[in-house]
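Reviewing the structure listed below.
Please treat every number below as a calculation from the coordinates, not as lab data. Model, not experiment: these values are computed from the prediction. Cβ coordinates were reconstructed from backbone atoms using ideal geometry, including for glycine residues, and neighbour counts include every protein chain displayed.
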Amino acid sequence: MPETDLGPCCLCEAPEATVIWFIEKRGQTRGWGCLQCKLLFYGATAVICEECEGRILQTPAFTWRDLKHYCGFPATERRPIAELFDTADWLHDLTRHPEISHA
């Protein structure tokens, strides 16, 4: 199976990102969505390298706002993270997800 080129890390810009993050904001490009709750595929994503993932996991105060870029299709559509600061939240409709406890 061929490897997928995710493009450079959205934090340090290292050439080989390996981790995909789903950001709960509406992006300006195609991105993630959900067939089950009919959430359109405009959720912002970011790709990061394993080294940055390790640093992020050790930094509780880290948020998506600390990234430099976000993307839709990672290798081709990179956008400045500041575009997301004032955009709508992009969240699942939990009433259409019976597998999630609503307690």
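Just the residues that are of a type outside the set (S, T, N, Q), closer than 20 Å to Gly27 by Cβ and without any contact (Cβ under 8 Å) to a residue 12 or more places away in the chain, please, taken from region 57-85.
Hits for region 57-85 are Phe62, Ala82.
Take the residues in region 31-48 that are in contact (Cβ under 8 Å) with a residue 40 or more places away in the chain and loosely packed, with under 15 Cβ neighbours inside 10 Å, then tell me which one is farthest from Leu84 (Cα to Cα).
The selected residue is Gln36.
So how many residues does region 29-85 have that are more than 11 Å from the chain's Cα centre (by Cα) and β-branched (Val, Ile, Thr)?
Result for region 29-85: 5.
Do the conditions hold for Arg79, that is, is it under 15 Å from Leu11 (Cα atoms), surrounded by 12 or more Cβ atoms within 10 Å (Cβ to Cβ) and not aliphatic (A, V, I, L, M)?
yes
Given the conditions (1) without any contact (Cβ under 8 Å) to a residue 24 or more places away in the chain; (2) surrounded by 13 or more Cβ atoms within 10 Å (Cβ to Cβ), and given that Glu51 satisfies all but one, which numbered condition is not satisfied?
The number of the failed condition is (1).
Taking Lys25 and the conditions (1) surrounded by 16 or more Cβ atoms within 10 Å (Cβ to Cβ); (2) at positive phi, which numbered condition does it fall short on, given that it satisfies the others?
So Lys25 meets the others, but not (2).
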